[in-house]
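Taking it in order: structure first as structure tokens, then the write-up.
Throughout, read-outs are computed from the coordinates displayed, never taken from laboratory work. All values reported here derive from a predicted model rather than from experimental measurement.
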């Protein structure tokens, strides 16, 4: 095993593990999560709560395993783009003010995993699919599909809340 493979494994574990943790949190408190989604402007908040839990756990687990890595990264990028648009962008950069610092860094790390590839310690390597796409194509897939999915979700379900 090379240092780069260990680095990829650590990066996948941290980013994927963080997504799993958020998904479990959302899943354990579906009613509260749904209320929160409704309060920030999402229609069908119960659906949003369930979908967020499933997507966060599923994409996180896939990234940790190095399975369908560019697709897992795209789900993470998309999820975080939705979070950025619906919550964080209006608050500036720093996370201490609920800014976009955290979601930007996590989405960038997911895109970096796609660019680097999952490494030898991955399910993609075991299945022989880890090098089917070039780094540029993996990155374009992760970022492009993620942003497209985010745009679709926001267009279908999000409305800027009215200020009181």
Let me have the relative contact order for the chain, percent, based on Cα pairs under 8 Å that are six or more residues apart.
28
Note the angle between two axes, namely the Cα long axis of helix 135-157 and the longest principal axis of the Cα atoms of the chain, as a number of degrees from 0 to 90, rounded to the nearest 10.
20
For the chain, the longest principal axis of the Cα atoms and the Cα long axis of helix 30-39 enclose an angle in degrees, to the nearest 10, of 60
Helix 45-65: inclination vs the chain longest Cα principal axis, degrees, rounded to 10, gives 20
Tell me, what is the percent relative contact order of the range 47-137, built from C-alpha pairs under 8 Å that lie six or more residues apart?
26
[x] 1.05; [y] 0.99; [z] 1.20, with the label sought being that of the calculated Cα Rg over 2.2 N^0.38 Å
[x]
